[in-house]
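Colleague: Pasting a structure here, questions to come.
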Amino acid sequence: MALITAGSLVGLVLVGSYYYNHSHLLLKGTVPQNGSSKVSSVSPVIFTFNKSIRLSNSDRFVITPAVQGKVTVKNNQLTFTPTLPYTLQTSYSATLKSPQAANGQVGSDVYTRFYVTYVPFSQLPANQQQADLGRTDALERIYPILHKIPYENNHFKITYSVDDANKLHLSVTLYAVINGPSDYDQYQQQLKQYKNEALQYLQNNGADINSTDISFTPNV
């Protein structure tokens, strides 16, 4: 088990569901999403909260099995970036213990669990890259949106994966922010607005949003 001292966060998570209380520091989402089964061998782990967080000696990030990496905190996000790849066909559990908001409020532990199944293109041997380029060209003809993603702006981020049956899966992270109970209504409005903006971007760039598998974090 690797123990990395690092920074601040979060709310309560119970079996992958979010416990909501206006007065608490809340977890908005994770990357990878809890329970993800198709994760890259170099994927970062990101915890996103409803408030800004801070580094504290009392905050601890643990990933099991152990992986070397770096933990950073910026605004309302903690990010773990592995410096060595995860092991393929392996389940991982990443936990942030006793996160802390910028105002000093301490939250309960949060976690995400995921399964690593593939190596990203840039990490493949040259011969495998050539083989995958042929598949990528074919997939781009099937899914024109692949020419336009991954994509990120101040309101949302869109990434994708394609399974062994060549089915496209889109993942959208929404960047709505809540700083306190009085912001909750505005936060909900932002989520709806940013979700609609993301769907409009996908539709404008050739995605069939009615038939494509799309997941949102937070789930709205």
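Colleague: With labels modelled as points extended 7 Å from the Cα through the Cβ direction, what inter-label distance (nm, one decimal) is found for D213 paired with A102?
Modeller: With each label placed 7 Å out from Cα toward Cβ, I get 3.8 nm.
Colleague: Here is a further query. Per residue, how much space in cubic angstrom lies within the convex hull of the C-alpha atoms of segment 61-104? Before the final figure, lay out each step's value.
Modeller: Numbers: hull volume 3.2 nm³, N = 44.
Value for segment 61-104: 72 Å³ per residue.
Colleague: Right, another one. Take the cross-link list K51/K167; K148/K192; K74/K167; K70/K192; K38/K157; K70/K167 and give me the ones stretching past 28 Å between alpha-carbons. Before the final figure, lay out each step's value.
Modeller: Values: K51/K167 36 Å; K148/K192 22 Å; K74/K167 34 Å; K70/K192 33 Å; K38/K157 18 Å; K70/K167 33 Å.
K51/K167; K74/K167; K70/K192; K70/K167, as the Cα separations exceed 28 Å there.
Colleague: In the full protein assembly as shown, how much of K97 is accessible to a 1.4 Å probe, in Å² to the nearest 10?
Modeller: Taking all protein chains as shown, K97 has close to 60 Å².
Colleague: Nearest 5 is fine: what % of DSSP beta bridges in segment 143-220 come out antiparallel, could you say?
Modeller: Around 65 percent antiparallel, to the nearest 5.
Colleague: Something else now. Under a Cβ-only charge scheme (Lys and Arg +1, Asp and Glu -1), can you give me the dipole magnitude of segment 34-108 about the Cα centre, in debye to the nearest 20? Provide the component values of the computation, followed by the final result.
Modeller: Working: 7 positive and 1 negative charges, 23 e Å.
The calculated dipole for segment 34-108 is roughly 120 debye.
The values are calculated or read from the model by the stated rules, or taken from the named source; none is laboratory data. Since the model is a prediction, treat every value here as computed from it, not as a measurement. Positions of Cβ are generated from backbone atoms using ideal geometry, with glycine treated the same way; all protein chains shown enter the neighbour counts. Side chains included, ligands, DNA and RNA excluded: accessible areas come from the protein's heavy atoms. Shrake-Rupley method; radii C 1.70, N 1.55, O 1.52, S 1.80 Å.
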